[in-house]
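As structure tokens, the structure follows; a few thoughts come after it.
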Amino acid sequence: MALASVNFTLFASSPMFNFAPQLGAGVGSASTGWQFNQSGETGLYYTTRAGSSMQLQFYGTGIQLQGSAGCPFSVNIDGDAVEESLASGLIFSKTGLEQETHNLNLTVGPGASTDAEVIFTSAIIIDEFPVGQVPLALNYPASNNTLDFFGPWDSFANGTAQTDFPAASVTVNFTGPAIIVNGPAGTAAGVGQFSVIVDGNPGLMVTTPALAAPSTQLFFQSGLDPNQQHSVTIINLPNSTFAFDNIQIWGSTSTFPSSAPFATGTAVGTIPVEASTSSHSNVVKIVAPIVAVVAALLILAAALLFRRRQRRRTTLRGPFAMRLSRAFGKQGAAALTLHDLGPKAEQPVSFGIDNMQKA
């Protein structure tokens, strides 16, 4: 069966990588660990410390590392180490791997010095699919109505959605093999921790590094069943701020929802607690005012009827009245007198949409 390759790119600023020791941005010296510099679109990590390492877990059949190396380094994939020498641009490439999950570890060699540093800018993960079944990438902006939000979220004119509310979440449902969540890392809108739940599995905790990256891949997952529907939920953790710009999914055109996933309308404001962009919540928002108006009309009609009857006392007679009399404990009464109504309540009872429960 003929196969075609699909590439997934992860910037160096993505929290999917684990750098050790990591100094972050503008802290310390590259001679003591990895230091970050937001240079270009991807940003870059660089170090002159021998023994510094970078780890990445990925699913696919190959991987490429971009950057430059002024000293030897080694790359270990699933226990198989390969020694690499000086290089620039493409510093490492490996294909022909089994289509499964792999663990990569890059280690800086002993020749590192102030004049011989290793720079890492990005990784390209390669996966293969049968020709005719190659998934297509589709972008869901944060303002897209197919995303389900819980908790208070702020939306900005540039399309970013942000929350600092503990347990606030966003969920996307899709059919396809891969997903990437893009957003800022290390800015005021992106420092902290969040948990990711994929298809109900225990959450993976992700820590955004202390960088100044305006946009990177906050979360990446591939190797999902391309023919099954998946659910990915991102939950903000306490004392953290989470922000994202868009969610990219890979799937076939027949599996994409028909609700205009490319819509880019800007929604500036706040998404309230338990807000949802689903059609169900839209129905609730429409029905609730109608119910309130109908209830008000019924109350008004009842008040007018009682007002008319309030002026006189009505006496019921006959057998029906005797039955009512027995029911209300009026012994020996042949008639039951209806007493005047008391004054109506001065404070009306109000009902708000917030009191309604979602189905």
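Observations, loosely collected:
- Flag if Gly89 is at positive phi and either of a type in the set (S, T, N, Q) or out of contact with any Leu (no Cβ under 9 Å at 6 or more places or on another chain) (or both): yes
- Residue ID - nearest to Gly60 (Cα to Cα), chosen from residues in region 201-225 that are of a type outside the set (S, T, N, Q) and at pLDDT 95 or above: Gly223
- Residues in region 15-49 that are under 15 Å from Ile119 (Cβ atoms), out of contact with any helix residue (DSSP H, G or I) (no Cβ under 9 Å at 6 or more places or on another chain), at pLDDT 90 or above and part of a loop (DSSP other than H, G, I, E, B): Phe17, Gly33, Gly43.
- Residue in region 162-178 that is nearest to the chain's Cα centre (by Cα), counting only those that are closer than 20 Å to Met205 by Cα and small (Gly, Ala, Ser): Ser169
- Residues being assigned to a loop (DSSP other than H, G, I, E, B) and in contact with a Pro (Cβ under 9 Å, 6 or more places away or on another chain) - total across region 148-163: 4
- Of all residues in region 60-71, those satisfying the criterion of being of a type in the set (S, T, N, Q) and part of a strand (DSSP E or B) are Gln64, Gln66, Ser68.
- Taking the numbered list (1) farther than 28 Å from Phe36 by Cβ; (2) in contact (Cβ under 8 Å) with a residue 12 or more places away in the chain; (3) small (Gly, Ala, Ser) in turn, Gly132 passes all entries but (2).
- Single residue of Gly51, Gly67, Gly40, Gly79 found to be buried (at least 20 other Cβ atoms within 10 Å of the Cβ) and of a type outside the set (S, T, N, Q): Gly67
- Filter pass, Ile179 being touching a His at 6+ places or on another chain (Cβ under 9 Å) and either without any contact (Cβ under 8 Å) to a residue 12 or more places away in the chain or aliphatic (A, V, I, L, M) (or both): yes
- Residue match in region 94-104 (condition: loosely packed, with under 12 Cβ neighbours inside 10 Å and hydrophobic (A, V, I, L, M, F, W, C)): no
- Condition check for Val131: modelled with pLDDT under 95 and among the β-branched types (Val, Ile, Thr): yes
The values are calculated or read from the model by the stated rules, or taken from the named source; none is laboratory data. In this text the structure is predicted, and so the values were computed from the model without any measurement. We place every Cβ from the backbone using ideal geometry, glycine too, and count neighbours over all the protein chains shown.
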